[in-house]
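The values are calculated or read from the model by the stated rules, or taken from the named source; none is laboratory data. If you're wondering where the values come from, they're calculated on a predicted model, not measured in any experiment. Here Cβ is always computed from backbone atoms with ideal geometry, including for glycine, and neighbour counts include all displayed protein chains. When the accessible area is computed, the model is the full protein with side chains, heavy atoms only, and any ligands, DNA or RNA have been set aside. Shrake-Rupley method; radii C 1.70, N 1.55, O 1.52, S 1.80 Å.
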Amino acid sequence: VDTAARALQFWSPNGEVAKLYPTSVPLSEDLTRLGRTEVVQKVVGPTWRPTPSMKVRNPEWPDVIGPGPDNPLGSHALYLSWTYYRIHGTHDTRKIGRKSSNGCIGLYNEDISELFGLAQVGTQVLLV
């Protein structure tokens, strides 16, 4: 994931598939985590829970939002080995191409659906 370019690049292990997806990125440098991680879980229809720091900044937010159009994680999520970090979809397409997240990398729902089918648990992720 190139946070400056706001793009996610995927290459299959055999090199036969190469994809480029536009993304949303974290709002600020203090919310941005860079380095190596990996996909540890894949979830269709994820449940969203704000992190403790998000609740401090936004106490009015609900404690949980289940799957559906109001869920900030969109239709699919790839959970990373870093606590609270995800690559996920979004129902709010205005966020893509912008600094708009609290730390996660967001994709259009149709793009995360495709990436979800390509990426496996254990897929290496590099954020730069």
For this session: Scan the stretch 1-30 residue by residue and report those that are touching a residue at least 24 places away in the same chain (Cβ under 8 Å), farther than 17 Å from SER101 by Cβ and acidic (Asp, Glu).
Result: none
For this session: Taking the residues in the stretch 101-128 that are of a type in the set (S, T, N, Q) and out of contact with any helix residue (DSSP H, G or I) (no Cβ under 8 Å at 6 or more places or on another chain) as candidates, determine which candidate is surrounded by the most Cβ atoms within 10 Å (Cβ to Cβ).
Result: THR123
Problem set entry | Count - residues of the stretch 32-77 that are touching a helix residue (DSSP H, G or I) at 6+ places or on another chain (Cβ under 7 Å) and among the small types (Gly, Ala, Ser) | 2
Problem set entry | Flag if ARG33 is in contact (Cβ under 8 Å) with a residue 12 or more places away in the chain, within 15 Å of SER113 (Cα to Cα) and open to solvent by 20 Å² or more (accessible area, probe 1.4 Å) | no
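When residues of the stretch 36-60 are filtered for being surrounded by 10 or more Cβ atoms within 10 Å (Cβ to Cβ) and either in contact with a Ser or Thr (Cβ under 8 Å, 6 or more places away or on another chain) or farther than 19 Å from GLY89 by Cβ (or both), how many remain? Lay out the reasoning, then the answer.
Here is the first cut: in the stretch 36-60, the ones surrounded by 10 or more Cβ atoms within 10 Å (Cβ to Cβ) are 36-51, 53-55, 57-58.
Next cut, either in contact with a Ser or Thr (Cβ under 8 Å, 6 or more places away or on another chain) or farther than 19 Å from GLY89 by Cβ (or both) only: 36-40, 44-45, 53, 55, 57-58.
Adding up the residues that qualify gives 11.
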Problem set entry | Single residue of the stretch 56-88 satisfying the filter (at pLDDT 95 or above and among the charged types (D, E, K, R)) that is nearest to the chain's Cα centre (by Cα) | ARG86
Problem set entry | Those residues of the stretch 1-37 which are touching a Lys or Arg at 6+ places or on another chain (Cβ under 6 Å) and hydroxyl-bearing (Ser, Thr, Tyr), in sequence order | THR23, SER24
For this session: Evaluate the stretch 76-94: report whether one residue or more is surrounded by 15 or more Cβ atoms within 10 Å (Cβ to Cβ), over 16 Å from GLY45 (Cβ atoms) and without any contact (Cβ under 8 Å) to a residue 40 or more places away in the chain.
Result: yes
Problem set entry | Selection status of PRO13, exposed (fewer than 11 other Cβ atoms within 10 Å of the Cβ), over 13 Å from the mean Cα position of the chain (by Cα) and closer than 15 Å to VAL125 by Cα | yes
